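Undergrad: Sending over a structure as structure tokens; questions will come in a sec.
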Amino acid sequence: MILRRAHNIRFFLLLLIISCSFTSCRRSSIFFHPLLPETKKLSQGMKLFYLKDSELPLVNLFFYIRGGSVYDPVGKEGLSAIAMQSIRLGGMKGLPSQRVEDRLEFCGASLEMGSSPEFFTVSFSLLEKDLNQGLEILFGLLKNPSLDPEHFRIIKARAKDSLHREEEDPLHLAMKEYPGMIYGNNVWGRKVTEDSLDRITLEDVKNFQEQFIHPDRIVVAVAGDISKKDLIQKLESYLGDWKISAGPLPSIPPVESHFEPVSRVIIKKGLTQSTVIVGHLGGRRDNPDKFALQIMNFILGGSGALTSRMGEAIRSDTGKAYSVWSDFGIGKDLGIFRAVAQTAIQNTDWVTQKMSSMIRELATEPHFTEEEIDRAKKSLLRGMVFDYETRFSQVKEQARLHLLGYPNHYLEILQRKMGEVTRGDLERVSKKYLHPDGLKILIVTDESAKGKKE
């Protein structure tokens, strides 16, 4: 009953926010004002982002750890994901894995660890009354993991099974293979393979933990039914003896900016549809044009909605695709711009050519109506209201933005900057950042599809 009432209240507030936003959107581009977290630099360099949340007697924590899969050794791609799972499931010194799981289950805690290209993650949620016991386990796993050999073997076997399942899915396969076409031999284009997983040893996992898991590389986001003072006191009790990192992260070679056309077809027997990706290098997160690029991409096909240009031309009006969308990736270095479609095999050539021609048209003769610009802005800004519905989602995102080097108050800056984008800005960035003569095309299909086979 309490949960249902809280949900109803939150839903009513969201409707009120959206209603107010629409009535004032002509006066202001700010759809919502995110709560400002309290921040503090803790012992050993850990950075805390905190929001009080007394809606439920819970504490939610999310650790961002600087690093990421781009730092996996060459030939051992997948190490970071294997290592984080080994830390999570291998137990800790003085407490074997099964007893760790028993304690977590007893207090109803949820603990997950993972890896992404630019950071490692730890997600932890539990009742406030069990926080002391939970933090003892959490910090024990991060600081002194047992790294059990049997769990390591099981984790590698599961990773291989997952790899095989992904490669059976044409969309997963296409998304996995496409970065290699874009980046070549650069670290951003590497992929996990069965061979790379085979090369990973338990000693590699130990070295990973010693190299990357340090308090001065952690930004922790916390929202919950606990005072800032009590939270800091509890966190500090585990930080004093935790060694900081030995130095900065390794350097990453820059991405070469080039736009040569490439086409590739991957044959998968038995498919009833084709997956098509058309694109090239994207942008950097420090590029001031990124706000206009987000709106340009949304109009082209960014939401996957039928109202986008690709949605209308390829899916809604002609029924030539089951799904179609685009994404202009913004990264630490150059991201990836791609348009993606899934279509019946007999429509593969038409869809590929149509996506390519729409990108060319937007790059050479860009024209945007005020109606579609206004719709794109409202949709993007309104989506933020739902993306950051809870206090935990807000503090977690602001901690992530801090880790990636964005300025303070970026969620408000983002809304204001997108609101300031003009039609002239969209025409300029379309001509500057779209490269129709350098499109890289990847098709996953079966042998009945036309085109050059891999």
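Undergrad: Can you pull out every residue in the stretch 192-239 that is part of a loop (DSSP other than H, G, I, E, B) and either not assigned by TED's automatic domain parsing to the domain that holds LYS76 or not β-branched (Val, Ile, Thr) (or both)?
TA: HIS214, ASP225, SER227, SER237, TYR238, LEU239
Rundown of residues vs (1) exposed (fewer than 14 other Cβ atoms within 10 Å of the Cβ); (2) over 21 Å from PHE337 (Cα atoms); (3) at pLDDT below 95, yes/no style:
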residue	(1), (2), (3)
LYS378	no, yes, yes
ARG382	no, yes, yes
VAL385	no, yes, yes
GLN398	no, yes, no
VAL421	no, no, no
SER430	no, no, no
GLY438	no, no, no
LEU442	no, no, no
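Undergrad: Of the residues ASP286, ASP198, ASP225, ASP241, which is surrounded by 15 or more Cβ atoms within 10 Å (Cβ to Cβ) and of a type in the set (Asp, Glu)?
TA: ASP225
Undergrad: Can you tell me which residue among SER274, SER316, SER257 is more than 20 Å from LEU414 (Cα to Cα), at pLDDT 95 or above and either surrounded by 23 or more Cβ atoms within 10 Å (Cβ to Cβ) or polar (S, T, N, Q) (or both)?
TA: It is SER274.
Undergrad: Residues to consider are SER326, SER379; find the one that is of a type in the set (S, T, N, Q) and outside any helix (DSSP H, G or I).
TA: Testing whether each residue is of a type in the set (S, T, N, Q) and outside any helix (DSSP H, G or I) leaves just SER326.
Undergrad: Residues of the stretch 175-191 being more than 20 Å from the chain's Cα centre (by Cα), over 24 Å from TRP325 (Cα atoms) and assigned to a helix (DSSP H, G or I), which ones?
TA: Once the filter is applied, which keeps residues that are more than 20 Å from the chain's Cα centre (by Cα), over 24 Å from TRP325 (Cα atoms) and assigned to a helix (DSSP H, G or I), the stretch 175-191 yields nothing.
Undergrad: Of all residues in the stretch 348-361 being out of contact with any Pro (no Cβ under 8 Å at 6 or more places or on another chain) and among the hydrophobic types (A, V, I, L, M, F, W, C), which is surrounded by the fewest Cβ atoms within 10 Å (Cβ to Cβ)?
TA: Across the stretch 348-361, the extreme among qualifying residues is TRP350.
Undergrad: Okay, moving on. Of all residues in the stretch 295-313, which are surrounded by 21 or more Cβ atoms within 10 Å (Cβ to Cβ) and part of a helix (DSSP H, G or I)?
TA: Answer for the stretch 295-313, where residues must be surrounded by 21 or more Cβ atoms within 10 Å (Cβ to Cβ) and part of a helix (DSSP H, G or I): ILE295, MET296, ASN297, PHE298, ILE299, LEU300, GLY301, GLY302, MET310, GLY311.
Undergrad: Out of all the residues in the stretch 383-396, is one or more of a type in the set (D, E, K, R), touching a helix residue (DSSP H, G or I) at 6+ places or on another chain (Cβ under 7 Å), part of a helix (DSSP H, G or I) and in contact (Cβ under 8 Å) with a residue 60 or more places away in the chain?
TA: No, that holds for no residue.
Undergrad: Now, a different point. For the stretch 335-347, check the following and say yes or no: at least one residue is at pLDDT 95 or above, under 28 Å from GLY405 (Cα atoms) and surrounded by fewer than 18 Cβ atoms within 10 Å (Cβ to Cβ).
TA: no
Undergrad: Can you confirm whether LYS354 is touching a Lys or Arg at 6+ places or on another chain (Cβ under 9 Å) and part of a helix (DSSP H, G or I)?
TA: yes
The values are calculated or read from the model by the stated rules, or taken from the named source; none is laboratory data. Since this is a predicted model, take the numbers as computed values, not measurements. Heads up, the Cβs are rebuilt from the backbone with ideal geometry, glycines too, and the neighbour counts pull from every protein chain shown.
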